[in-house]
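Before any comments, here is the structure.
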Amino acid sequence: MKRTNFKLILLIVFFYQFSFAQENQNPLVLQTILETYYKNEKPVYKGRSQLLYLYCNQANNNEELIEAIKDQKLPKDFFNEIRAKINTDLAERDWSNELNYIYTLEKNTLKTKINTCVTLEKYQEISKKLNLNNQRLMIISKPFYFSKKNISLVKVVFFRNIEHNSGSILLLEKINEKWVIKEYLNSWST
């Protein structure tokens with residue numbers, strides 16, 4: 001009986017550490033995405049309109065992840081993990097902690113371009129007030145990490161008030177402690 005309890009406790013500790021280790025990768029994955037998509041954005045100073053906004057919430061994943069990787073040469077375990085996590089990881093989370101962590105690491109370059117993350121309502125309020133059609137809201141899903149290899153999937157979608165929405169699923173790989181975008185899967189635009 002004691003041996004069974006010990007195994008159960010070990011399993012719980014291992015699962016917790018694994019989950020915590022993945023959560024610690026979120027700021028690094030987010031930083032890679034932000035550096036990629038904000039590279040050509042101008043800093044937001046007084047009087048200059050911001051064109052690309054970051055949505056505060058982490059969007060939930062769906063079956064689109066499985067669809068995106070079905071033709072990729074990835075382990076079958078990866079599909080199973082994604083399927084299981086899609087159905088269980090529905091808790092609401094936002095990017096604010098990760099964003100603050102990134103701001104402490106880098107030299108304010110991203111901070112001057114992002115300013116702050118916004119809700120959908122705030123983005124629509126800003127867009128309506130400025131009446132510009134060149135603004136976009138970047139929505140980033142919860143990163144999904146494969147447990148047996150340093151790869152991750154993240155869905156990135158750009159929402160605009162005037163249709164012309166677009167998106168892609170990013171396949172990232174961790175190389176030398178940095179996440180690198182390896183492929184853009186299932187890219188689409190309207």
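Among the helices (runs of 4 or more DSSP H) confined to the range 81-157, the ones with at least 2 residues that are within 15 Å of the chain's Cα centre (by Cα) and crowded, with 16+ Cβ neighbours inside 10 Å are located at 96-105. Collect the residues in the range 19-40 that are of a type outside the set (S, T, N, Q) and modelled with pLDDT under 90, keeping them in residue-number order. Residues satisfying the conditions are Phe20, Ala21, Glu23. Among the residues that make up the range 170-185, is at least one of them touching a residue at least 60 places away in the same chain (Cβ under 8 Å) and of a type in the set (Lys, Arg)? Checked the range 170-185: at least one residue is touching a residue at least 60 places away in the same chain (Cβ under 8 Å) and of a type in the set (Lys, Arg). Under the condition of being open to solvent by 80 Å² or more (accessible area, probe 1.4 Å) and assigned to a strand (DSSP E or B), the residues counted in the range 174-186 number 3. Every test in (1) assigned to a loop (DSSP other than H, G, I, E, B); (2) within 26 Å of Tyr38 (Cβ to Cβ) is passed by Leu171 save one, and that test is (1). Kindly check whether there is at least one residue in the range 65-75 that is touching a Cys at 6+ places or on another chain (Cβ under 9 Å) and in contact (Cβ under 8 Å) with a residue 24 or more places away in the chain. No, the range 65-75 contains no residue that is touching a Cys at 6+ places or on another chain (Cβ under 9 Å) and in contact (Cβ under 8 Å) with a residue 24 or more places away in the chain. Annotation note: Cβ proximity below 6 Å between a residue of the range 31-43 that is touching a residue at least 12 places away in the same chain (Cβ under 8 Å) and more than 16 Å from Gln135 (Cα to Cα) and a residue that is assigned to a helix (DSSP H, G or I) and of a type in the set (Val, Ile, Thr) (sequence gap 6+ or interchain) occurs for Gln31/Ile102. Checking each residue in the range 42-66 for being at pLDDT below 90, open to solvent by less than 50 Å² (accessible area, probe 1.4 Å) and closer than 18 Å to Leu137 by Cβ picks out Val44, Gln50.
For the range 125-141, the set of residues classified as modelled with pLDDT of 90 or more and either within 17 Å of Asn100 (Cα to Cα) or of a type in the set (S, T, N, Q) (or both) consists of Ile140, Ser141, listed by residue number.
The values are calculated or read from the model by the stated rules, or taken from the named source; none is laboratory data. A quick note: this is a predicted structure, and the numbers were derived from the prediction, not measured. Quick reminder, even Gly has a Cβ in these numbers, built from the backbone with ideal geometry, and neighbours come from all protein chains shown. To get the accessible areas, we keep the full protein, side chains included, count just its heavy atoms, and leave off ligands, DNA and RNA. Shrake-Rupley method; radii C 1.70, N 1.55, O 1.52, S 1.80 Å.
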